[in-house]
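Enquirer: Dropping the structure in here first, questions after.
Readers should treat all values here as calculations from the given coordinates under stated rules, not as data from a laboratory. Keep in mind that this is a model prediction, so the values were computed, not measured. With ideal geometry, Cβ positions are generated from the backbone for all residues, glycine too; neighbour counts draw on all protein chains shown.
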Amino acid sequence: MKLKVKNKKVLVRVDFNVPLNSDFEVTDDTRITAALPTIKKLLEDGAAVVLCSHLGRPQKKLKEDGSINVERFTLKHIIPTLSKKLEREVQFAEDTIGPKSTAAIKALQPGEVLLLENTRFEKGESKGDDKMAHDLAQRVDLYVNDAFGTAHRAHASTAVVANFFLPKEKSFGFLIEKEIENANKVLNNPARPLTAIVGGAKVSDKILLLERLIDFANNIIIGGGMAYTFVKAQGGNVGNSLVENDRLELALKLLAKAKKKGVDIHLPTDSIIADQFSNEAKILTMESNNIPNDWMGLDIGPEAQAKFIDVIENSATILWNGPMGVFEMSNFSNGTKVIAQAVAKATAENGAFSLIGGGDSVAAINQLELANQVSFVSTGGGAMLEYLEGKALPGIKAITG
C-alpha cells in the first residue's frame, strides 16, 4: 500500500465471510486475522477505516415473505471478534449505503473503525451495480481491496467501486499482495520438481486447472471423487463411486496430453471403499480399478498414500487444491490428513515451497495445526483457483487497470 492516508477516510473491502455457530459466534476467525495487518497499518498511519464485506448469500436465502433474514446474515455478529483482535471498539452501521452508514462515516474520526452492514443485503452488490458502487465511493477518500476471497467476483464492492477512484486513490491491501506474490511463485519460474495435488468431487470443476497444470507441472496427483472418472476412463471397475460419465473422453485426453508433455499423473492405486455414503458404512480397502458394483471409493488407500507421500516429499514446489476423500466424514478423512502432513514435512524439513488453496485443504491444514509449517495458506478457494487457471480476476484488474 502506497496511499497517503493520514486524516483520510478509507473504504476497505475485506472478506469477513466466516462461519458462525447456532449462537452466531465466529467459529473460524482465519479471514478476520488475515485482514488485520492492513487495518492496523491504516490506523497507525492516521486513517479513519470503513470496512465492508459480505456474509453468506442472503439474497438466495430470503424468508417466505421475500424479506432478508437479517439475524442470520448480519455482520453485527462479527463485531465482538473483530473488536477483540483490533484491541479497540469497532463501530457498526446498520445499513451499507443508507442514511445510517452515511452519518456514521461522516462522524468517523482518524483512528476509528466502522463496519458496514452486509454488502449482499443490497441487490446491487452481486449485480455489479454502478449506483451502489458510486454510493459507496462518494462518502470516502480512498479505496483498498483486501478481499482476495471475492476477487473473482465483479461485484459492486469488490470491483466496480474502484472505477470511482483515481489510480493514486486505490490500492491492494497486504493480504491480496501476499496472495498474488505466493501464487506467482507457483506460476512463474517455480523450483522443480513441481507437484500439483488436485482433489475434490468432480473433474468438471477442475478442468481448466488441470489443463493449465499439464503445461507447467512435473507431477499431478489426483484424488477425491474426481479420480474415479479417470480410473473408469481407463477401463477400471469403480462400482458406485462418483463418476462423470460425460467426462470420460476428456479424462483420456488429459492423460494423453500429460503423457505427451512428460507430466506424470498419479492416480490412487487403492481406495478405502464403503457400501454406502455414510460414516457408519462397512469399510474395505480395495484396488481402485476393481471396486465391487455395490461399493464406492470414499478415500485414498494406504498404497496410494505411500506413493503420493513419496512424490510430495521429493518435490521442490507443491500446490494443493482439494481433498483426497470425503473429508467431512471422519472414517474417510485420513487420506487428506496424510497428504497435509506430507506437504508440511516437505516444506519444514526439505525446504519445499507449498501453497495451499481450497476449503477442505485449508481445513485439513488448520485442524492439524500445520499452517505454520507450510509456506502459504490462501484465503480464497475460488479466487485462487481462477487465478491459477490464468483468468483475469475483476477485483485485481480493477486496481491494476
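Enquirer: Can you give the local net charge around residue 69? Use residues other than it whose beta-carbon is closer than 10 angstrom to its beta-carbon, Lys and Arg +1, Asp and Glu -1.
Expert: Charge balance near residue 69 sits at +2.
Enquirer: Could I ask something else about it? Work out the length of the dipole vector of segment 180-389 about its Cα centre, built from +1 on the beta-carbon of each Lys and Arg and -1 on the beta-carbon of each Asp and Glu, and round it to the nearest 20 debye.
Expert: Numbers: 16 positive and 23 negative charges, 129 e Å.
Computed about the Cα centre, the dipole is about 620 debye.
Enquirer: Still on this structure: Can you give the Kirkwood hydrodynamic radius of segment 175-250 from its Cα pairs, in Å with one decimal? Intermediate values should be presented prior to the final figure.
Expert: Values: mean 1/r = 0.0723 Å⁻¹.
Kirkwood hydrodynamic radius for segment 175-250: 13.8 Å.
Enquirer: Now, a different point. When the chain is modelled as a GNM with alpha-carbon springs shorter than 10 Å, which of 371, 107, 47 fluctuates the most?
Expert: Top of the fluctuation ranking is 107.
Enquirer: Please list 3J(HN,Hα) in residue order for segment 52-66, calculated via the Karplus relation 6.51 cos²θ - 1.76 cosθ + 1.60 where θ = phi - 60°; whole Hz, with x for glycine and proline.
Expert: Rounded to whole hertz, the list is 9, 7, 9, 8, x, 10, x, 5, 8, 10, 5, 5, 4, 8, x.
Enquirer: Would you calculate the separation in nanometres between label points at residue 45 and residue 134, each defined as 7 Å from the Cα along the Cα-to-beta-carbon direction?
Expert: Going from the residue 45 label point to the residue 134 one covers 2.9 nm.
Enquirer: What Kirkwood hydrodynamic radius, in Å, does the chain give when the mean of 1/r is taken over all pairs of distinct Cα atoms and then inverted?
Expert: Working: mean 1/r = 0.0445 Å⁻¹.
Kirkwood radius, the chain: 22.5 Å.
Enquirer: Okay, next question. Sequence-distant or interchain residues sharing an amide H contact under 5 Å with residue 95, placed H: which?
Expert: Amide H to amide H, under 5 Å and 5 or more residues apart or across chains, residue 95 pairs with 101, 117.
Enquirer: Taking the Cα atoms of segment 9-172, what is the range of coordinates along each of the three principal axes, in descending order and whole Å?
Expert: 44, 35, 30
Enquirer: Would you mind checking 170/206; 131/168; 131/170; 206/259; 40/123; 76/206 for any pair whose Cα atoms are more than 25 angstrom apart?
Expert: Working: 170/206 33 Å; 131/168 22 Å; 131/170 19 Å; 206/259 19 Å; 40/123 31 Å; 76/206 35 Å.
As for pairs spanning more than 25 Å Cα to Cα, those are 170/206; 40/123; 76/206.
Enquirer: What list do you get for 296, 329 if you sort them by fewest beta carbons within 10 Å? Write out the running numbers ahead of the final one.
Expert: On the way: 296 22, 329 16.
If I rank by nearby Cβ atoms, fewest first, I get 329, 296.
Enquirer: Rounded to the nearest 500 deg cm²/dmol, what is the calculated helix-only ellipticity per residue at 222 nm for the chain, with -39500 (n - 2.57) per DSSP H run of length n ≥ 4? Could the numbers behind the result be given before it?
Expert: On the way: 15 runs with 149 residues, N = 401.
Computed ellipticity for the chain at 222 nm equals -11000 deg cm²/dmol.
Enquirer: Additional query: If you find the alpha carbon centre of segment 29-68 and of segment 307-335, how far apart are they in angstrom?
Expert: Result: 32 Å between the Cα centres.
Enquirer: Among 171, 22, 315, determine the one that fluctuates most according to a GNM of the chain built with springs between C-alpha atoms less than 10 Å apart.
Expert: Its mean-square fluctuation being the largest, the pick is 22.
Enquirer: Which of these, 21, 184, 334, has the largest mean-square fluctuation under a Gaussian network model of the chain (Cα springs below 10 Å)?
Expert: Fluctuation is largest for 21.
Enquirer: Which residues' amide hydrogens lie under 5 Å from the amide hydrogen of residue 12, considering only partners 5 or more residues apart or on another chain, with H built in the peptide plane?
Expert: It is 50, 51, 52, 144, by chain and number.
Enquirer: Moving on to the next point. In whole Hz and in residue order, list the ³J(HN,Hα) couplings for segment 85-96 that follow from phi through the Karplus curve 6.51 cos²θ - 1.76 cosθ + 1.60, θ = phi - 60°; x for Gly and Pro.
Expert: Ordered by residue, 3J(HN,Hα) equals 6, 7, 6, 7, 6, 9, 7, 10, 9, 7, 9, 9 Hz.
Enquirer: Turning to a different aspect of this structure: Net charge near residue 375, counting Lys/Arg +1 and Asp/Glu -1 over other residues with Cβ under 14 Å of its Cβ?
Expert: Details: positive: 178, 185, 345; negative: 179, 181, 349.
Surrounding charge for residue 375 is 0.
Enquirer: Give, in nm to one decimal, the length gained when the segment between residue 72 and residue 33 is fully stretched (0.36 nm per residue of separation minus the Cα-Cα distance).
Expert: Numbers: separation 39, 0.36 × 39 = 14.04 nm, distance 2.19 nm.
Extra length available between residue 72 and residue 33 comes to 11.8 nm.
Enquirer: Can you compute the charge dipole magnitude of segment 9-172 about its Cα centre, using +1 on each Lys and Arg Cβ and -1 on each Asp and Glu Cβ, nothing else charged? Give it in debye, rounded to the nearest 20. Mind showing how you got there, number by number?
Expert: Values: 24 positive and 24 negative charges, 66 e Å.
So the dipole magnitude of segment 9-172 works out to roughly 320 debye.
Enquirer: Please rank 209, 298, 319, fewest neighbouring Cβ atoms within 10 Å first, as an exposure proxy.
Expert: Numbers: 209 22, 298 26, 319 29.
Lowest to highest Cβ neighbour count: 209, 298, 319.
Enquirer: How would you order 82-93, 336-347 from highest to lowest mean count of nearby Cβ atoms within 10 Å? Please report the intermediate quantities before stating the final value.
Expert: On the way: 82-93: 16.5, 336-347: 22.9.
My ranking of the peptides, most packed first, is 336-347, 82-93.
Enquirer: Fewest to most neighbouring Cβ within 10 Å: what's the order for 303, 169?
Expert: Working: 303 15, 169 18.
Result, fewest neighbours first: 303, 169.
Enquirer: What are the radius of gyration and Dmax of segment 180-389, computed over its Cα atoms and given in Å?
Expert: Final numbers for Rg and Dmax: 15.8, 47 Å.
Enquirer: Through the Karplus equation 6.51 cos²θ - 1.76 cosθ + 1.60, θ set to phi - 60°, convert the phi angles of segment 137-146 into ³J(HN,Hα) values in whole Hz; use x for Gly and Pro.
Expert: Once rounded to whole Hz, the list reads 6, 5, 8, 10, 9, 9, 10, 10, 9, 10.
Enquirer: Please work out the C-alpha center-to-center distance from segment 191-244 to segment 264-299 and express it in whole Å.
Expert: 16
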